[in-house]
Amino acid sequence: MQHLEHAATALGWEGHLIPDVEVLGARFAAVARIRPDVHRWRTDNGWEPELNPTWFRSWSEPSMHDHLPLAAVHLLGIMVPVAKARHAVRACGTLMTLAPCAVVLPHDHPYKPWRMVELDYYGIGAVNAGPVGPAELVLRPEDRSREFGSSLFGRWLLEVLYSRVLERHHHPAENTGC
C-alpha cells in the first residue's frame, strides 16, 4: 500500500486512500474526501451508506428523486496498479468515466513515448511508484467524468467508498475535515 500512498501524493490527491476496492469485477484503489456537511447530516439522520446495488435502480424513477441521499464523499481519483503501461487503457476502462484515472507502474518502469501518447489521448495518468521514496508523476490524468455524465454505478460507488472510509475510521464524526 506504500506505493499507492506515494502515487496519491505525486498526483496531489489529498484525502482518504481506499485500497483494494473491488466492485462489479473492477479492482482498484481510490482517493476520496469526506463532504463534512453531508456526512454530518447523514449521521444526524441515521442515513448509513447504501451498499445494495439493486436499490439504486429505483433511483432512476422520477418519483424517487426526492428520497435520495446526497453523496457524502467526493471521489478525487482512481488508481489502478499495472505491471506494464500497455495494460493501462484496459485497466482504467470505464473507471475513467467516473473520475480521473491513473495507472501506477513499477518504480523502474521504462518510459515509452508511444504508450504515453496513447494514455494522454485517453486522459489516463501514469505514475511510477515503489515502496520506498517519492513517486514520479509521468503523466497527469484528466477528469473526463463530465463528458460521460453521472451514472447509477458511479453514485453507488460513492456509497461503497463512503462505507470504506467509515470502516477505516472508528470515530467518523471526528474525521470530517479530510
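Being charged (D, E, K, R) and farther than 28 Å from residue 108 by Cβ is the requirement here; does residue 44 meet it? Yes: the conditions hold for residue 44. Among the residues examined, residue 88 qualifies as open to solvent by less than 20 Å² (accessible area, probe 1.4 Å), over 15 Å from the mean Cα position of the chain (by Cα) and under 20 Å from residue 21 (Cα atoms).
Specify the residue that is nearest to the chain's Cα centre (by Cα); the eligible residues are those in segment 17-49 that are over 17 Å from residue 159 (Cβ atoms) and of a type in the set (A, V, I, L, M). Per the criteria, the residue is 29.
Please find, within segment 143-178, the residue that is modelled with the highest pLDDT out of those that are among the basic types (Lys, Arg) and more than 16 Å from residue 31 (Cβ to Cβ). That would be 144.
Being surrounded by 15 or more Cβ atoms within 10 Å (Cβ to Cβ), out of contact with any Pro (no Cβ under 6 Å at 6 or more places or on another chain), modelled with pLDDT under 85 and not β-branched (Val, Ile, Thr) is the requirement here; does residue 28 meet it? In short, no. Would you check which residues across segment 134-160 are open to solvent by less than 40 Å² (accessible area, probe 1.4 Å) and assigned to a strand (DSSP E or B) and list them? Scanning segment 134-160 gives a single hit, 139.
The values are calculated or read from the model by the stated rules, or taken from the named source; none is laboratory data. Not measured: the values here are computed from a predicted model. For neighbour counting, all protein chains shown are included, and Cβ atoms are generated from backbone atoms with ideal geometry for every residue, glycine included. We work out accessible area using only protein heavy atoms, side chains counted, and drop any ligands, DNA or RNA first. Shrake-Rupley method; radii C 1.70, N 1.55, O 1.52, S 1.80 Å.
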